[in-house]
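Just below is one structure, and these are the notes that go with it.
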Amino acid sequence: MFRGILTKIFGLLLAFNVALWVFVIFTDNTFIVELGEKKNSLAKRVHLVASIVEPLVAEGYPEDFNEYREFHDRISSLPSTYTENLTIFLPREKFAATSLGGIYFDGNYSTMGGPITETLIPEQPLFVDDVIDRFNPLFLAYDAYRLVFQGKVITRSIGKGYVEKITHSHVIPTSEGRYELRYIKPVIIDDEVSLLIEAYDYYSLKDAYIEHNRERLFVLMGISALSLIFGVTLAISVAFPLKRLARRVGKSVDKHAVAEGLSSFHIKGYGDKKDEIGKLYRSIEDLTARLSKLFADKEAFAADVAHELKNPLASILANVSNISDACTGNDKEAIHAIKLQAHRMNQLISEISDAAIVDVELVKEKHLTPLFI
């Protein structure tokens, strides 16, 4: 099944395209680098805020609204790129240490003291376009890459049971193609955790992948299409002519009249080809012509030899038949023995002549054909 040259050509094309797509999909580290940059940015923000907060907390927690406002204004004076998605809060065991609550700063609110609420965004219904996108090569490539991406970057969630004296971070999936990055650093004063600074961000792998690879994957599909066109062209120009040549040679040697089949070997248009197939065809054509001439000469030689030997034998048999009736006793037995040996020699000459003929099947048919005299 896999020995034909046509099958091998398409097998090589398939292997090439699979290797090309696997290389492009699974070796792109752009998004892992982008995610790493976001993690480093979170760490830098948290450490910068920690360097500002530590001197303020070293003198004690804000105990009234004015001290709390001063603390809040000091952090709010930083650019919004540092305070966005940033939270400063007390450790669990110190929630009751101040009447101002556990959260000292929330970068997502411009006003102080407002209640913190969480609003869930409802999932969007699945539209027809979303179903169509699932069969888009770009989205199929994204689904394949997402498995590799998650295997390299996903970490264990921080959860509620984390140790507050240790810096923690995690990268976890939150929805399809969206990942949460979170970084928590404790502010330690006198070997105690005074405050916890937390920053988080989100990374949309799906949007980044589609934006980054939209043109690249179209180029890749173009390369795959060109390779398939090249393969079909190669198959037409190489595989099909070779297949036709092999079939024609097979017909020549499978015929009952082998010598006739070899002498009539010809494929229109192949003799004018200038490529290797044309050279192969001309070599086979020359070989079949030589074989056909050799077989014809051999058969002619065998026929001539048989004819020259059978003429004297026919004369011997005729004379023996004429004198056999006139002989008696031992002479008659000797004449009969001569006649038998002459018939045996005649049969041997016929068999040698038949064996010299290449067309064995034709010889067999000739022997099986009944003679009506």
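Taken over region 3-40, the criterion of being over 28 Å from GLU211 (Cβ atoms), surrounded by fewer than 14 Cβ atoms within 10 Å (Cβ to Cβ) and among the aliphatic types (A, V, I, L, M) is satisfied by LEU12, LEU14, ALA15.
Among residues of region 161-174 that are over 21 Å from ARG146 (Cα atoms), those with a Cβ under 6 angstrom from a residue that is hydroxyl-bearing (Ser, Thr, Tyr) and modelled with pLDDT under 85, sequence gap 6+ or separate chain, pair up as HIS168/TYR162. Reported count of residues in region 185-218, each being assigned to a helix (DSSP H, G or I), of a type in the set (A, V, I, L, M) and modelled with pLDDT of 85 or more, is 3. Can you tell which of ASP354, ASP286, ASP304 is part of a helix (DSSP H, G or I), closer than 30 Å to ALA246 by Cα and at pLDDT 80 or above? So the residue among ASP354, ASP286, ASP304 that is part of a helix (DSSP H, G or I), closer than 30 Å to ALA246 by Cα and at pLDDT 80 or above is ASP286.
Just to confirm my filter: which helices (runs of 4 or more DSSP H) fall fully inside region 1-105 and include at least 1 residues that are modelled with pLDDT of 75 or more and touching a strand residue (DSSP E or B) at 6+ places or on another chain (Cβ under 7 Å)? Steps first, answer last, please.
Numbers: elements: 5-26, 30-58, 65-76, 80-83.
Result: 30-58, 65-76.
Among the residues of region 290-305, write down those that are touching a helix residue (DSSP H, G or I) at 6+ places or on another chain (Cβ under 7 Å) and over 16 Å from ASP354 (Cα atoms). Correct list: LEU291, SER292. Which condition breaks for VAL148 when tested against (1) farther than 20 Å from SER204 by Cα; (2) at pLDDT 85 or above? Looking at each condition in turn, VAL148 falls short on (1). Within region 172-194, if we keep just the residues that are within 20 Å of TYR142 (Cβ to Cβ) and surrounded by fewer than 20 Cβ atoms within 10 Å (Cβ to Cβ), the residue that is farthest from the chain's Cα centre (by Cα) turns out to be GLU180. TYR270 passes every criterion in (1) in contact with a helix residue (DSSP H, G or I) (Cβ under 7 Å, 6 or more places away or on another chain); (2) more than 30 Å from SER237 (Cα to Cα) apart from (2).
Contact map, region 245-256: first residue at pLDDT below 75, second residue of a type outside the set (Asp, Glu), Cβ cut-off under 6 Å, separation 6 or more or different chains; pairs are SER252/GLY261; SER252/LEU262; SER252/PHE265; LYS255/GLY261; HIS256/LEU362. Tell me, please, whether a residue that is within 30 Å of LYS251 (Cα to Cα) and without any contact (Cβ under 8 Å) to a residue 12 or more places away in the chain can be found in region 305-328. No - not one qualifying residue is present in region 305-328.
The values are calculated or read from the model by the stated rules, or taken from the named source; none is laboratory data. No experiment lies behind these values; they were computed from the predicted model shown. All Cβ positions, glycine included, derive from the backbone under ideal geometry; neighbour counts span all protein chains shown.
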